[in-house]
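The values are calculated or read from the model by the stated rules, or taken from the named source; none is laboratory data. Fair warning: this is a prediction, and the values are worked out from it, not measured in the lab. Cβ placement follows ideal geometry from the backbone for every residue including glycine, while neighbour counts extend to all protein chains displayed.
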Amino acid sequence: MTEPRRTSSSSQPRKSAASPKPAASQASRNAARNNRARKAEEVENSERRKRQSIAKAERRTTSEEVRASEPAPTAVGRAPEGAGAATPTSYLDIPEDYRAGFACFVGRPNAGKSTLTNALVGAKIAITSGKPQTTRHTVRGIVHRADAQLVLVDTPGLHRPRTLLGERLNEQVRATWAEVDVIGFCIPANQEIGPGDRYIATQLAQVRRTPKVAVVTKTDTMGKQAVGEQLLAVLELGKEVGIEWAQIVPVSAVADSQVGLLADLLVEQLPQSPPLYPGGELTDEPELVMVAELIREAALEGVRDELPHSLAVTVEEMNPRKDRPKDKPLLDVHATLYVERSSQKSIVIGTGGSRLREVGTQARQQIEALLGTPIFLDLHVKVAKDWQRDPKQLQRLGF
């Protein structure tokens, strides 16, 4: 039996009238300590800005053991040697008129936004496909120049959502508009301006302070007369919705036509600022995300129209294989492809697993070029019923 707690005055400390003083003294010490910590943090932040390391790129998830002492020239997020030399490395080297800022490409699905982003960056940082709504999250690509640093934000295509996933993708797009310095509205030259373009233009017209550049894409697919007619149609579209275009420019990412001019026009709209990312950085995308996207890109090739919207990919593990010689590293990548129905699972796997093997071969080549190291790719296909409409499953899949 437990002895009852004694409540006599001898077992309880008596309260003293002087007790508030130690508490006040402790509060003063805490305040002084917080002030010192705050000042130290301010000094540290100031020094960080002076060193121009203000970029907050996400940490790479692949072990450096895989790449030995130096990243491969094609390693993710890094430009080839010397490609980032245009970016000033010292605070004193920054020209007075140096500009840096963010630009985003918007447009309806399959308007050529990701292809254009890759062309401007000079490397593949966003997956591309003939299927609409390939892009599912904002992708940042970094263009380094002697006079500027242009950070491109490739967004999902704005569309009329039919699922919760579609609603969240549209929210991403609109949130991006409020955070960038200039907006590039991509309109394909080979398609007439339709209700989707007018809807996006109407939405953009409400973003008053941000300059807007109209970009007529895919000009290599049409003749000069047709491109000229599209340029006039874009001009009229701006008048209809109340947008005064800062510029209207026709480009072809595939033919590398006027891509450099577009970069110049976007840079003109950026504020004067020191570089936002270190020289040589091409993207701040985590490797896990880029690897998953490359697998999804490979899986999208040659599938039926309804499958792309139902396909999601997650990388479960990505680790260097143990006990491998330093000169023969191998990275084990385990990924899962999710579909919404059993019939879709059969399509992805194919007869006797033939389709999944093709996906693995194509994705492995892309991933090895991206990471600069050999990989072993292990793929599995699972059914997550109606995941596009399920909030819990969307969160688990990263949306």
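Restricting the first residue to segment 219-238 and requiring it to be aliphatic (A, V, I, L, M), which pairs with a second residue that is in a helix (DSSP H, G or I) and surrounded by 15 or more Cβ atoms within 10 Å (Cβ to Cβ) meet a Cβ separation below 8 Å and a spacing of at least six or different chains?
From residues that are aliphatic (A, V, I, L, M), the pairs are Met222/Gln230; Val227/Thr219; Leu237/Asp197; Leu237/Ala201.
How many residues, within segment 103-152, are among the hydroxyl-bearing types (Ser, Thr, Tyr) and at pLDDT 85 or above?
2
Taking the conditions exactly as written (in contact with a Gly (Cβ under 6 Å, 6 or more places away or on another chain) and under 18 Å from Val182 (Cα atoms)), does Leu262 satisfy them or not?
Judged against the criteria, Leu262 is not a match.
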